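Everything on this sheet refers to the single structure shown next.
The values are calculated or read from the model by the stated rules, or taken from the named source; none is laboratory data. Keep in mind the model is a prediction, meaning the values are calculated, not measured. All Cβ positions, even for glycine, are placed from backbone atoms using ideal geometry, and neighbour counts span all protein chains on display.
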Amino acid sequence: MNTLTLLSIILFVLMILIGGNRGVRSFISLFINFGILMLTVILMLDSDVNPMIITIVSCAVISCINLFFINDVNRKTGTAFLSTIVTIVILLLFIDFVSSVSMTQGFGEEQSDALAPFSLFVGVDFAKIGASVVIISTIGAITEVAISITSSMGETLKHHPAISRKELFLSGMRIGKDILGTDTNTLFFAFFGGYLALLIWFKDLHYTLGEIVNSRIFGSEMITIFCAGIGVALIIPITSWINAYFSMKAREKQQNVKQEDI
Amino acid sequence: MNVKINKKMPITQVSLYAIIVICFVSSVLFVHNNSSFYKRTVAKVINTELQDKQQVTDMNNNKDQLFTQRITAEIKNGKDKGKFVQLTNEYSSSGVYDQEYVVGNELFISIDKRSEQKITGSIIDAKRDKYILLVGWVFIFTLLLVGKKRGFLSLISLVVNAALLSIALDVYVHQSYKSLVLICGILVILFTVISLLLLNGLNEMTYAAITATLLGIFLTLAVTYMAIKFTTGNGLRYEEMQFLTRPYELVFMAGLLIGSLGAVMDVAITISSSIFGLYEKNHDISLHALKKSGMDIGKDLMGALTNILFFVYAAGSIPSMILYLKNASSLNVTISMNLSLEIARAVAGGIGIILTIPIAVYTSIYFVHKKRKRI
C-alpha cells in the first residue's frame with residue numbers, strides 16, 4: 001500500500017474518533033485545499049495572467065473554505081474573511097516589492113543539478129510566483145488568527161454588552177497577543193522542519209556565513225519566514241479594528257430597532 | 001516607536017527601545033558598508049545598458065524573452081577598489097535561474113582580465129544581505145509593535161531555537177557523533193521546554209503542556225515510523241532531496257518531527273491554558289466538564305492547524321511544480337515528485353495534532369487534580 005494512503009487513513013480515522021462531524025469536515029477541507037492549490041498552479045502556467053491576481057483569488061477561496069466550511073457563515077466568520085483579504089492584499093504588495101528588490105526568485109545555483117533536464121525559459125514571471133509562494137504558505141495561519149480573534153471578541157461582547165468600541169478593539173488586541181506567540185511558534189517550526197534538508201546541506205558544503213546569507217535559497221527562505229511572521233502579526237490589529245467597527249454598527253442597528261418598537 | 005516614549009515609561013523599557021534602535025541603525029550601516037569583510041570581490045552597479053533582446057521558443061512551445069545587458073560597476077573592495085569593471089549579464093523575462101540587475105545592486109564578481117584601460121569580469125551572484133536584513137527588521141518591528149512583550153518573547157524564542165538547531169546540525173555534520181535521530185530527540189525536548197517556558201512562564205499549566213507535547217510528538221513519530229515501515233515507504237519520492245549525501249529517510253523523519261512540533265505545542269498549550277483557566281475561575285468544576293471543554297477546544301483547533309501545516313509545506317513546491325508542468329510533465333508525475341514528502345509531512349503533522357488533543361486534556365486534568373488535592 002502507498003504510504004500516503006495509509007497515513008491519510010490514519011488521519012481520517014483519528015479525526016472522526018476525536019472530532020466526529022467536525023473531524024470529517026476538517027478532513028474534507030484538507031482535500032479541497034489540496035485541489036485549490038493544484039488549480040492555482042495550473043492557472044499560473046498561463047503567462048498572460050498576472051500570478052498575483054490568481055493568488056488573491058485562490059487565497060479568497062481558501063479562506064472561504066477554512067472559515068465558512070469548517071465553521072459556519074455568520075458575522076464572526078464574515079468579518080474574519082474581510083480582515084483576511086485586507087491583510088493578504090497589504091502583505092502581497094509588500095512581498096512583491098521585497099522579492100523584486102532582494103533578487104530571491106527562482107532557483108539557486110545549488111539546485112542547478114536538479115534543473116538540468118528542464119528548459120528554463122518557460123515564460124512565467126518567477127518573481128511574482130515567489131511572492132505568491134510566501135502568501136500561500138501563510139494563508140492557513142492568517143485565517144486561523146482572524147477567526148480566533150473574532151470568536152473571542154464575540155464572547156467579550158456577549159459578556160459586556162455595553163463595552164465601548166475602543167475597549168472592544170483592545171480586547172481583540174489582547175487576545176491577538178496571546179495567539180501571536182503560539183502561531184508564530186507553529187509557523188517557525190514548520191519552516192525549520194521543511195528546510196532541514198537544505199540546512200544540513202549548507203553545513204555539508206562548509207559555506208561561510210557570508211555565502212549563506214547572500215545565497216538565493218537562504219534569502220528566499222528567510223524572507224518567507226519573516227513575511228509569514230509579519231502576516232500573522234498584521235492580521236491582529238486589522239481584525240480587531242474591522243470587527244470592533246462592525247460589531248458597533250450591528251449594536252447600533254439593534255438599538256434603533258428596539259427604540260422603534262417602543 | 002520613539003514617539004511613544006513619555007515620562008510614565010519605566011526606565012528599563014526606554015533603554016530597551018534605545019537598544020533596539022541602536023541595533024537597527026548600526027546593523028543597517030554595517031551591511032551597507034561591509035564589502036571589505038568579504039573575500040569575494042564586490043562591485044556596485046552604476047550603469048546598465050540593454051544590448052540585445054530576442055524572442056525564444058523552447059521545445060515545449062513556451063515563449064520567453066532573452067536579454068543581454070552590459071553593466072558598468074564600481075569595485076568596492078580588494079586591491080582594485082574604486083576602479084570600474086565591465087560585466088555582461090544575460091537574463092530572461094521569467095527569471096527561473098537568472099536575474100536582471102539595476103543601478104544600485106551589489107554583485108559578487110570574479111575578475112577575468114585586467115588591462116590599463118579597463119577591467120572585465122563575470123558575475124558570480126548578487127549580494128542580498130542588506131535586503132534580507134531590512135525585511136528582518138520590518139518583521140521585528142511588526143512583532144514588537146503588535147505583540148509588545150509577547151512579540152519580544154516570540155523573537156527571543158525564535159532566535160534561541162534557531163541557534164540551537166544550528167549548533168545541533170554542526171554537531172551532526174562535523175563531529176563523529178552521527179545519530180541524527182538521537183540529536184533530534186534531544187533537540188525536540190529542548191525546543192519544547194524553551195518555547196513553552198517563554199510562552200507561558202514557570203507554572204503548572206506549562207508543565208502540563210510540556211508533558212503533553214513530548215508524549216504527543218513521540219507517539220506521532222512512532223505512528224508515522226510504523227506506517228512508513230509497514231508500507232516500505234512506497235510512494236514517497238525522495239528526489240527533491242537528492243542533493244544530500246546522507247540517508248534521505250532519516251533527514252526526512254527528523255524534519256517531520258521538528259516540523260510538527262510547533263503545531264503540537266500549540267494544541268498542548270491552548271488546551272492546558274483553557275483547562276487551567278476554567279479551574280481557576282471555579283475550583284469546584286467537575287472533571288467531566290473540564291474534559292468536555294478541553295475536547296471542544298481541540299476540535300476547534302484541529303482543522304485550522306492541519307491546514308496551516310499543509311500550506312506551509314506545499315506552497316514551497318509551487319515553483320518547481322510550474323517548471324515540471326511547463327516542461328510537459330504529466331500532472332501525476334509532477335505531484336508525486338514535488339508533493340509526496342510535503343503531503344506526508346502535513347498528514348503526519350495532522351496525526352500529531354489530533355493525538356495530542358486527548359493527551360493534553362488528560363495531562364491537564366491530571367495536573368489540575370493534583371493541585372486540587374494539595375489544597
Please go through the stretch B:27-50 and give me each residue that is aromatic (Phe, Trp, Tyr) and under 22 Å from B:LYS79 (Cβ atoms), ordered by number.
B:PHE37, B:TYR38
B:SER330 being among the polar types (S, T, N, Q), out of contact with any His (no Cβ under 8 Å at 6 or more places or on another chain) and touching a residue at least 12 places away in the same chain (Cβ under 8 Å)
no
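Could you tell me whether the stretch A:33-40 includes any residue that is of a type outside the set (A, V, I, L, M, F, W, C), within 24 Å of the chain's Cα centre (by Cα), assigned to a helix (DSSP H, G or I) and more than 7 Å from every other protein chain (Cβ to nearest Cβ)?
Checked the stretch A:33-40: at least one residue is of a type outside the set (A, V, I, L, M, F, W, C), within 24 Å of the chain's Cα centre (by Cα), assigned to a helix (DSSP H, G or I) and more than 7 Å from every other protein chain (Cβ to nearest Cβ).
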Given the conditions (1) surrounded by 14 or more Cβ atoms within 10 Å (Cβ to Cβ); (2) at the interface with chain A (Cβ under 9 Å from one of its Cβ atoms); (3) free of Cβ contacts under 8 Å to residues at least 24 places away in the same chain, and given that B:ASN34 satisfies all but one, which numbered condition is not satisfied?
(3)
For A:ASP46, which of the numbered conditions (1) more than 10 Å from chain B (Cβ to nearest Cβ); (2) assigned to a helix (DSSP H, G or I) fails to hold?
(2)
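When you check B:VAL31 against the structure, is it touching a helix residue (DSSP H, G or I) at 6+ places or on another chain (Cβ under 9 Å), farther than 30 Å from A:ALA116 by Cα and among the β-branched types (Val, Ile, Thr), yes or no? Walk me through it before giving the result.
Values: touching a helix residue (DSSP H, G or I) at 6+ places or on another chain (Cβ under 9 Å): yes; farther than 30 Å from A:ALA116 by Cα: yes; among the β-branched types (Val, Ile, Thr): yes.
So B:VAL31 fits the description; yes.
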Could you list, in sequence order, all residues of the stretch A:114-162 that are farther than 30 Å from B:THR57 by Cα and of a type in the set (S, T, N, Q)?
A:SER137, A:THR138, A:THR143, A:SER148, A:THR150, A:SER151, A:SER152, A:THR156
Go through B:GLY298, B:GLY277 for me and flag whichever is at the interface with chain A (Cβ under 7 Å from one of its Cβ atoms) and either closer than 22 Å to A:ILE175 by Cβ or assigned to a helix (DSSP H, G or I) (or both).
B:GLY298
Any idea which of B:THR306, B:THR356 is in contact (Cβ under 8 Å) with a residue 12 or more places away in the chain, in a helix (DSSP H, G or I) and more than 7 Å from every other protein chain (Cβ to nearest Cβ)?
B:THR356
Residues that are closer than 21 Å to A:PHE202 by Cβ, hydroxyl-bearing (Ser, Thr, Tyr), part of a helix (DSSP H, G or I) and within 19 Å of the chain's Cα centre (by Cα): does the stretch B:178-200 have at least one?
no
Restricting the stretch B:285-330 to residues that are of a type in the set (Phe, Trp, Tyr) and surrounded by 24 or more Cβ atoms within 10 Å (Cβ to Cβ), which is nearest to the chain's Cα centre (by Cα)?
B:TYR313
Filter result for A:LEU198 (within 27 Å of the chain's Cα centre (by Cα), modelled with pLDDT of 90 or more and assigned to a helix (DSSP H, G or I)):
no
Identify, from the list B:SER272, B:SER286, the residue that is more than 16 Å from B:GLY349 (Cα to Cα) and without any contact (Cβ under 8 Å) to a residue 24 or more places away in the chain.
B:SER286
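Inside the stretch A:1-28, can you point out the residues that are polar (S, T, N, Q), closer than 26 Å to B:TYR238 by Cβ and at the interface with chain B (Cβ under 7 Å from one of its Cβ atoms)?
Pass one, the stretch A:1-28, residues polar (S, T, N, Q): A:2-3, A:5, A:8, A:21, A:26.
Now drop any that are not closer than 26 Å to B:TYR238 by Cβ, which leaves A:2-3, A:5, A:8.
Scanning the stretch A:1-28 gives A:ASN2, A:THR3, A:SER8.
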Among (1) of a type in the set (S, T, N, Q); (2) within 28 Å of A:ALA114 (Cα to Cα); (3) more than 8 Å from chain A (Cβ to nearest Cβ) - the single one B:GLN117 does not satisfy:
(2)
Could you check, for the stretch A:157-170, whether at least one of its residues is assigned to a helix (DSSP H, G or I), hydrophobic (A, V, I, L, M, F, W, C) and within 11 Å of chain B (Cβ to nearest Cβ)?
no
Per the list (1) of a type in the set (A, V, I, L, M, F, W, C); (2) at the interface with chain A (Cβ under 9 Å from one of its Cβ atoms); (3) touching a residue at least 12 places away in the same chain (Cβ under 8 Å), residue check on B:ALA208 breaks on (2)
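Does the stretch A:109-117 include one or more residues that are more than 9 Å from every other protein chain (Cβ to nearest Cβ) and without any contact (Cβ under 8 Å) to a residue 12 or more places away in the chain?
From the stretch A:109-117, those more than 9 Å from every other protein chain (Cβ to nearest Cβ) are A:116; that's our starting set.
With the extra rule that they be without any contact (Cβ under 8 Å) to a residue 12 or more places away in the chain, the set shrinks to A:116.
Checking the stretch A:109-117: at least one residue is more than 9 Å from every other protein chain (Cβ to nearest Cβ) and without any contact (Cβ under 8 Å) to a residue 12 or more places away in the chain.
Quick check: is even one residue across the stretch B:230-244 within 11 Å of chain A (Cβ to nearest Cβ) and under 23 Å from B:LEU158 (Cα atoms)? Please lay out each step first, then the result.
Narrowing the stretch B:230-244 to residues within 11 Å of chain A (Cβ to nearest Cβ): B:230-244.
This time we only want the ones that are under 23 Å from B:LEU158 (Cα atoms), so: none.
Scanning the stretch B:230-244, I find no residue that is within 11 Å of chain A (Cβ to nearest Cβ) and under 23 Å from B:LEU158 (Cα atoms), so the answer is no.
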Considering only the stretch A:87-108, state which residues are more than 7 Å from chain B (Cβ to nearest Cβ) and either without any contact (Cβ under 8 Å) to a residue 60 or more places away in the chain or over 15 Å from B:ILE318 (Cβ atoms) (or both).
A:THR87, A:ILE88, A:VAL89, A:ILE90, A:LEU91, A:LEU92, A:LEU93, A:PHE94, A:ASP96, A:PHE97, A:SER100, A:GLY108
If the Cβ limit is 9 Å and pairs must be 6+ apart or interchain, which residue in the stretch B:233-244 that is closer than 18 Å to B:MET321 by Cβ pairs with which residue that is part of a loop (DSSP other than H, G, I, E, B) and not small (Gly, Ala, Ser)?
B:GLY235/A:MET1; B:GLY235/A:ASN2; B:LEU236/A:ASN2; B:TYR238/B:LEU244
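Looking at B:THR48, B:THR12, B:THR68, can you tell me which residue is exposed (fewer than 15 other Cβ atoms within 10 Å of the Cβ), touching an Asp or Glu at 6+ places or on another chain (Cβ under 9 Å) and either within 27 Å of B:TYR97 (Cα to Cα) or modelled with pLDDT under 85 (or both)? Let's see the steps before the verdict.
Working: B:THR48 fails: exposed (fewer than 15 other Cβ atoms within 10 Å of the Cβ); B:THR12 fails: touching an Asp or Glu at 6+ places or on another chain (Cβ under 9 Å).
Matching residue, one of B:THR48, B:THR12, B:THR68: B:THR68.
Those residues that are out of contact with any helix residue (DSSP H, G or I) (no Cβ under 7 Å at 6 or more places or on another chain) and within 11 Å of chain A (Cβ to nearest Cβ), I need them from the stretch B:38-53; list them, please. Quick ask: steps written out before the conclusion?
Start the filter on the stretch B:38-53 by keeping residues that are out of contact with any helix residue (DSSP H, G or I) (no Cβ under 7 Å at 6 or more places or on another chain), which leaves B:39-41, B:43-53.
Those that are out of contact with any helix residue (DSSP H, G or I) (no Cβ under 7 Å at 6 or more places or on another chain) and within 11 Å of chain A (Cβ to nearest Cβ): B:LYS39, B:ARG40.
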A careful count of residues in the stretch A:77-121 that are among the small types (Gly, Ala, Ser), over 23 Å from A:PRO51 (Cβ atoms) and assigned to a loop (DSSP other than H, G, I, E, B) gives 1
